[in-house]
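The values are calculated or read from the model by the stated rules, or taken from the named source; none is laboratory data. Keep in mind it's a predicted model, so treat the numbers as computed, not measured. For neighbour counting, all protein chains shown are included, and Cβ atoms are generated from backbone atoms with ideal geometry for every residue, glycine included. Areas reflect the complete protein model, heavy atoms only, side chains present, ligands, DNA and RNA absent. Shrake-Rupley method; radii C 1.70, N 1.55, O 1.52, S 1.80 Å.
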Amino acid sequence: MWDPSKGIKLGPFTLHFYSLMFVFAFGLGYVLMTKIFKIDNVNQKYLEPLFTWTLIGTILGARMGHVIFYQPELFKEDFWSVFLPISTKNGIKFTGFSGLASHGATIALIFTTLYYSYKIIKKNPFWVYDRLGIVVALGGAFVRMGNFFNSEIIGKQVDPNSPFALLFPQQSSEYGLTVPRYPAQLFEAFGYVCLFVLLWILYRKTNKKYQQGWLFGLFFIILWAIRFFVEFLKEPQGDEFIQFAGLNTGQVLSIPFMIAGFVIMFVSKKFKITQAENEKPQ
């Protein structure tokens, strides 16, 4: 049985666990990127703008991605809720962003990181993507933990005798009678933690970080493969506007990213640098 409280009561306010997981994701990401910049001899002055542009890209991109791919009716029914954490239906009230999509966040991060790479740190974007992917893998695990606390993005029905069977009574109003389901959020979170460990080992113990784009390509392939296969165990997220050959929206959107990962790994051999070039003082 999984029926936790929504958050921690702080007087008249409630600190939602989902929001807390985002704080952990960005907080630990900042600490980790600080360490990475020290390893690569990068001036710490470039850390703050990276954090700022990553935050902007993640929140706005994830929100727009959810609305465009899963809930486009909000553009007509509750326009301001698309861009602000409020609802204007039946009066204005604070709701937080209740719908975020990782595909949208990824697309936005690609563009905000391009700007950061060319205009601020002045490095090959693949150099930045390689290192950002390590941080994003860990952050993704925290986000899925937040989904678990919220009892959202739940799995399909499973045999009650399965060791993975969980009850999510908070979602009974949406999915009907409470029945045992897969904790799909935890499966995905576990996959992202494993991806983080793999990328960190490759970054620290091999020379692949000097082949700009190789780590990022691998990150794309594995991250979206995890998403693709876990989707088989998930309930649909809203209306599935994009479907193909029995695949749902999340799976269809993941395929181009996986293909892009293979392409990036292939072309990364053109962007090799030496250790001296990588650690050149700035």
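Selection among Ala260, Ile154, Ser19 by position relative to the dipole of the chain gives Ala260 as farthest towards the positive end (Cβ unit charges, Cα centre). Helical runs assigned H by DSSP (4 residues or longer) give the chain a calculated mean residue ellipticity at 222 nm of -18500 deg cm²/dmol, each run adding -39500 (n - 2.57) before division by the residue total. Rg and Dmax, both from the Cα atoms of segment 193-282 and both in Å, are 16.7, 52. Cross-link partners of Lys45 among lysines, defined as those whose alpha carbon lies under 19 angstrom from its own and excluding same-chain residues fewer than eight positions apart: Lys35, Lys119, Lys122, Lys123, Lys280.
Plainly put, the chain has a radius of gyration that is 0.99 times its Kirkwood radius, both from alpha-carbon atoms, as the Rg/Rh ratio.
Taking only C-alpha pairs under 8 Å that are 6+ residues apart, what is the relative contact order of the chain in percent? Relative contact order, the chain: 20 percent.
The accessible surface of the chain, taken with every protein chain in place and a 1.4 Å probe, is 68 percent carbon and sulfur. Taking Lys76 as the anchor, which lysines have their alpha carbon closer than 24 Å to its alpha carbon, excluding any fewer than eight residues away along the same chain? Of all the lysines, those that pass the test against Lys76 - Cα under 24 Å, at least 8 places apart if same chain - are Lys89, Lys93. The candidates Glu231, Glu279, arranged from most to least accessible area with a 1.4 Å probe in the full protein assembly, appear as Glu279, Glu231. Counting Cα-Cα pairs of segment 102-259 in 10 Å increments starting at 0 gives whole-percent bin shares of 10, 34, 32, 16, 6, 1. Gain on full extension, evaluated as 0.36 nm per residue between Ile273 and Ile120 minus their Cα-Cα distance, stands at 53.1 nm. Remark: spin-label model distance Leu55-Lys35 equals 2.2 nm, labels positioned 7 Å along the Cα→Cβ axis.
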